[in-house]
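> Mind having a look at this structure? Questions to follow.
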Amino acid sequence: MRMLVVMTIAASLSPAGSLAQAADDPFPTKPVTLTVNYGAGGGSDAIARALGRALEKPLKQPVAIENIAGGAGTRGVTAVVTAEPDGYQIGVATNSPMTIAVHTVKGLSWGNPSTYDILGGIGIVYNTICIQADSPLKTLDDVVKYAKENPGKLKVASIAGGINQYTWDAFAKKANINVRFVPYSGDADGVASFLGKNTELAALTWPGLKAQVEVGKARPLAVFGPERMSSNPDVPTFKELGYDVVTTSDYVVYAPKGIPEAKRRVLVEAVKQAVSDPDFMRVLTAQNIQVQFTDGEKMTRQFTEIFNATAPSTPSGK
Amino acid sequence: MDLLGNMLGGFAVALQPVNIAAALLGALVGTATGVLPGLGVLGAMAILMPITIHFSAVTGLIMLAGIYYGAMYGGSTTAILLRIPGESGSIVTTIDGYEFARKGRAGAALMICAVGSFIAGTISIVGLSLFTTLLADVALRFSSPEFCLLALLGGLTLVRITGNDPAQNMVMLLIGMALATIGVDAVSGDTRFTFNTSTLALGFDLVPVALGLYGLSELFHVLASNEGFPRATTVRLREMIPTRREWSRAWPAIVRGSGIGFLIGLLPGPGSLTSTFASYGVEKAIARKHRDEFGKGAIEGFAGPEAANNAVATSALVPVLSLGIPFTPNVALMLGALIVQGIQPGPLLLSQHPNVVWGLLASMYIGNVALLALNLPLVGMWVRLLRVPQYTLIAFIFAVSFIGVYTMRNSYWDLCVLVGFGVVGSVLRQIGFDLAPMILGLVIGPIFEKALRETLFLSGGDLTIFVTRPISAVLSALCVVAVVGPTIAVWITRGNRLSQQS
Amino acid sequence: MDQAIVMKTEASTAANAPASTTGIRLTSLILTVAGLFYLYQAIELPMGDPPGTGVGAVPVLVAVCWVLFGALVTVRNRGVSADLGPWPRGSAALRVGVAFFLCVMFIVGLPFFGIFLTTGIFLLLMGRLAGAPWTSAVVLSAATPVAFWIVFSLGLKVSLPFGSLLTVIFRG
């Protein structure tokens, strides 16, 4: 704590104007702010705080967590991407606000993924479809067959306006089935309704449903990942089963566009190290998030793909 | 027997010095955030969460739980003494608690609240220890249609309980519901009523609105009048202890409030506020002898609600401990504390980490005793708060409100909402409108809307879903009674009077 | 002399009773008009498919009830008991006005002066307004920001706005 005081004062009092411009200037020399686009408490916040602690080691500076919630998660993104690109303001978010909510929230000063700078992906959340454990429908083929014979009879609990609805719509279109889509406002509500047997199916995130799978209340049909999950290799992917729908929810670390290349390298390297930090891995693993560093460029391509696919001009957007 | 063994194991965990210290620290921090208006319990828990990583999972959890129920203890203090609720769960207490304090019984009121909170806490911990799994299954029977009807029933009955005019209250309630629709829609994620601005997309958060309507407007009122806060001249021990007659009125209300709070805490939604309104409504409805005292300092009017919001703080843990589903942000945050420790919350928590669950439960017994021990001596201190120079109180509460609201989500908009509603609240109160229904509307509006739309999605637009499900059918019938009941009651009394006259 | 004061008080009370009824009705009229505006905005929104599931359904329902009850309260003539007494006048009204102005200035000043400086100035002026002697007001306005800084910045590591003014001064 004492150290922090001294460093904060030193950082703010140093005639930074002359020093900071030097090319071989060490970075960072003062605390870095990590913005999370949801309020305190909850999954994103826990991840941000774990990431902040993990980043402090390689950056050798305190990392302050800033919760800027609101606007379906877009407000925190706005705060980051409109900040000065000096490397002291970065953010962590999932792809939902940046690729989907961005189309519905009005008056944003940013848009497609080229308007910000993704430093790298840090974790992957799989999306899945589960069925009531006691249902006579055993496999995905059974479900598709039943749904085709009885259009509109099955109900699926999901989340509206995010990656889950986008994924479900894509799957339903490929399978050519008509299932009643019941949107809830989050994993907790959707799982509760599914457990109360209000719907036969649940199209939610794997972290939200995994605990119910373990106690035998829900049965996973498949996941929408690019490959099977390392934690549950017995659950097939939709791609294997013949429905080429591959989406994941990714946690990324991002920054405003235009950070000097030297500083950006420091940050990317720090993120890479943070991802292999055991404490950080523990927090994500407890939430059933696959910990994995993904290159910023690859992430940007993925984001752009979803961003374009969910743009209002396409029918799946609304 | 198994339960006893589990409980003993839990106490073995909870009685470790580090865990007792965590419970005490949490309770203390919670009481402080509860007392200070503007500083939310959620914020305090979130800020302290990173600290919990340095301890074991159960210690961290015990500390966070301590903050949660400690805040419910503390929230009543400023509500009673200054008519400024420390937490939204204490808004109802400003009605009768403050009037009671004005009669020179501030110390007694605080003591009744402390003891009531303790009784409520204890009743609901016992309920929690005994029935966790059973209650969780019952809670799952309640889904969107039931929540929708509960919200409707709440709105229909609660407009009658405060103030003197149901029609005016209805207008206020509806305005509150309308305010809640501004911003991002929780179901679809679309924005509405924002006029394409990102500022209005932030919407009207409960904390700045409630603090503006109640806190700031009270400060403006005090500045305008020469009378100020009630003054406590000297505090003698005799004045701090409630009389036997006061006790005999308080304890049935406390028990009823505990029951109401416990049941409401099992359901999703911000239970601490709704439970206090429900308890107040029940107390007013069943009061016979002292009915006209409500609004003028009825003991039942604050003893019941204060017990209710403490019971909620405990029973809200049921869905989390048994199903791993958090229904309120506070409880979600406690789950977060488990997650950072690498423990996966869920239905297996009880069997995989029994020491965490039972240790937490046992610590809550200890925490409640500690809070009582902490708060009874503090009553004298709090009452002396009224002897702090008034200008200090006014300036300080303004500043704490501002910083509390701002740090909530780093937004200037929330500060504008706070000040704006401070002015609106002052004006409406001066004219004669009751503000409680507006806050209630802001809270139940989103529950009602979300539940109604989920229900219609579920049924494909078929409204008969509200009468074909058994629990829904009962609730629908109650809603009908709530609408036509009072009218019929008026007819009957009028008819009786006519028949007596003729 | 005493008689005159009593009479004046009575007169003002008598004048206030009907005034508060008028106040209620006038306010209700304004609120009803606001409700109509809200309704006008709400009917533009989609009602959803199946009907009632859209973002506009509940707002329309709320708006219709709002306008109906608002009109009811406006039209009927019912006496009410306002519990706060007469409106503040003279120096009391001025105090409230200045307090409101200080609140606005707090919000306006916050981005420039930062949380600590703004809070200090605000407390000084608000303390004076509420009747504090100069010494108490100065102590209050100096001690509180320091306490905030210790608790929020040092103890809890919450990031607070330091203000563009300080940032500019210290970073050139």
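> Tell me which helices (runs of 4 or more DSSP H) are completely within the stretch B:319-422 and hold 2 or more residues being in the same structural domain as B:M111 (by TED's automatic domain parsing) and surrounded by 19 or more Cβ atoms within 10 Å (Cβ to Cβ), or say none if there are none.
Where helices (runs of 4 or more DSSP H) fall fully within the stretch B:319-422 and carry at least 2 residues being in the same structural domain as B:M111 (by TED's automatic domain parsing) and surrounded by 19 or more Cβ atoms within 10 Å (Cβ to Cβ), they are B:329-340, B:354-385, B:390-409.
> Mind telling me which of the residues B:G107, B:G121 ends up being over 23 Å from B:F11 (Cα atoms) and either part of a helix (DSSP H, G or I) or not assigned by TED's automatic domain parsing to the domain that holds B:G304 (or both)?
Matching residue, one of B:G107, B:G121: B:G107.
> Right, another one. Failed condition for A:Q273, given (1) assigned by TED's automatic domain parsing to the domain that holds A:P58; (2) touching a Phe, Trp or Tyr at 6+ places or on another chain (Cβ under 6 Å); (3) closer than 14 Å to A:G123 by Cα; (4) of a type outside the set (S, T, Y), with all others met?
Just one mismatch for A:Q273, condition (2).
> Now a separate question. Among the candidates C:F170, C:F112, single out the residue that is within 26 Å of the chain's Cα centre (by Cα) and either modelled with pLDDT of 80 or more or farther than 30 Å from B:E449 by Cα (or both). Give the derivation first.
On the way: C:F170 fails: within 26 Å of the chain's Cα centre (by Cα).
Exactly one of C:F170, C:F112 is within 26 Å of the chain's Cα centre (by Cα) and either modelled with pLDDT of 80 or more or farther than 30 Å from B:E449 by Cα (or both), namely C:F112.
> Any chance the stretch A:214-224 includes a residue that's among the basic types (K, R), assigned to a loop (DSSP other than H, G, I, E, B), touching a residue at least 12 places away in the same chain (Cβ under 8 Å) and closer than 30 Å to C:V55 by Cα?
Scanning the stretch A:214-224 turns up no residue that is among the basic types (K, R), assigned to a loop (DSSP other than H, G, I, E, B), touching a residue at least 12 places away in the same chain (Cβ under 8 Å) and closer than 30 Å to C:V55 by Cα.
> Any residue at all in the stretch B:8-28 that is surrounded by fewer than 24 Cβ atoms within 10 Å (Cβ to Cβ), modelled with pLDDT of 85 or more and within 21 Å of B:V388 (Cβ to Cβ)?
yes
> Is there a residue being under 30 Å from A:D86 (Cα atoms) and in contact with a strand residue (DSSP E or B) (Cβ under 8 Å, 6 or more places away or on another chain) anywhere in the stretch A:238-249? Walk me through it before giving the result.
Restricting attention to the stretch A:238-249, the residues satisfying the condition of being under 30 Å from A:D86 (Cα atoms) are A:249.
Right, trim to in contact with a strand residue (DSSP E or B) (Cβ under 8 Å, 6 or more places away or on another chain) and you get A:249.
Within the stretch A:238-249 (the criterion being under 30 Å from A:D86 (Cα atoms) and in contact with a strand residue (DSSP E or B) (Cβ under 8 Å, 6 or more places away or on another chain)), the answer is yes, since at least one residue qualifies.
> With surrounded by fewer than 21 Cβ atoms within 10 Å (Cβ to Cβ), modelled with pLDDT under 90, within 14 Å of chain C (Cβ to nearest Cβ) and part of a helix (DSSP H, G or I) as the only criterion, which of B:R494, B:R429 stands out?
After applying the criteria, what remains is B:R429.
> Which of the residues that make up the stretch B:166-202 are more than 26 Å from C:L29 (Cα to Cα), of a type outside the set (G, A, S) and at the interface with another protein chain (Cβ under 7 Å from one of its Cβ atoms)?
Within the stretch B:166-202, the subset more than 26 Å from C:L29 (Cα to Cα) is B:184-191, B:196-199, B:201-202.
Checking which are of a type outside the set (G, A, S) leaves us with B:184-185, B:187, B:190-191, B:196-197, B:199, B:202.
Across the stretch B:166-202, the qualifying residues are B:V184, B:D185, B:V187, B:D190, B:T191, B:N196, B:T197, B:L202.
> Consider the stretch A:81-104. How many of its residues are outside any strand (DSSP E or B), within 24 Å of A:D277 (Cβ to Cβ) and more than 13 Å from chain C (Cβ to nearest Cβ)?
Count: 2.
> Identify the single condition in (1) within 14 Å of chain B (Cβ to nearest Cβ); (2) touching a residue at least 60 places away in the same chain (Cβ under 8 Å); (3) touching a Phe, Trp or Tyr at 6+ places or on another chain (Cβ under 7 Å) that A:D45 does not satisfy, given that it satisfies every other one.
Here A:D45 meets the rest and fails (2).
> Identify, please: which residue in the stretch A:146-198 is of a type in the set (V, I, T) and in a helix (DSSP H, G or I) and is, among those, nearest to A:A222 (Cα to Cα)?
Across the stretch A:146-198, the extreme among qualifying residues is A:T167.
> While we're on this one: Could you say whether any residue in the stretch B:203-222 is without any contact (Cβ under 8 Å) to a residue 40 or more places away in the chain, within 9 Å of chain A (Cβ to nearest Cβ) and over 19 Å from the mean Cα position of the chain (by Cα)?
Yes: the stretch B:203-222 contains one or more residues that are without any contact (Cβ under 8 Å) to a residue 40 or more places away in the chain, within 9 Å of chain A (Cβ to nearest Cβ) and over 19 Å from the mean Cα position of the chain (by Cα).
> Please find, among C:A132, C:A142, C:A137, C:A99, the residue that is outside any helix (DSSP H, G or I) and either without any contact (Cβ under 8 Å) to a residue 60 or more places away in the chain or closer than 19 Å to B:S401 by Cβ (or both).
After ruling out the rest, the residue left standing is C:A132.
> Next question. Considering every residue within the stretch B:249-261, establish whether at least one is assigned to a helix (DSSP H, G or I) and over 22 Å from B:M111 (Cα atoms).
no
> Could you please give the count of residues in the stretch A:263-305 that are within 14 Å of chain B (Cβ to nearest Cβ) and either aliphatic (A, V, I, L, M) or not in a helix (DSSP H, G or I) (or both)?
Pass one, the stretch A:263-305, residues within 14 Å of chain B (Cβ to nearest Cβ): A:277-289, A:291.
After this cut, where a residue has to be either aliphatic (A, V, I, L, M) or not in a helix (DSSP H, G or I) (or both) as well, the list is A:277, A:281, A:283-284, A:286-289, A:291.
Count: 9.
Residues are listed down the side, and each one gets a yes or a no for (1) crowded, with 19+ Cβ neighbours inside 10 Å; (2) over 22 Å from C:S164 (Cα atoms); (3) more than 10 Å from every other protein chain (Cβ to nearest Cβ); (4) modelled with pLDDT under 90:
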| position | (1), (2), (3), (4) |
| --- | --- |
| C:F100 | no, yes, no, no |
| C:V104 | no, no, no, no |
| C:V108 | no, no, no, no |
| C:G120 | yes, no, no, no |
| C:L123 | yes, no, no, no |
| C:A132 | yes, yes, no, yes |
| C:V138 | no, yes, yes, no |
| C:S141 | yes, no, no, no |
| C:T144 | yes, no, no, yes |
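> For the subset of the stretch B:452-470 comprising residues that are buried (at least 24 other Cβ atoms within 10 Å of the Cβ) and more than 7 Å from chain C (Cβ to nearest Cβ), which member is nearest to B:V184 (Cα to Cα)?
B:E454
The values are calculated or read from the model by the stated rules, or taken from the named source; none is laboratory data. Since this is a predicted model, take the numbers as computed values, not measurements. Please note: Cβ atoms are built from the backbone with ideal geometry, for glycine as well, and neighbour counts cover all protein chains shown.
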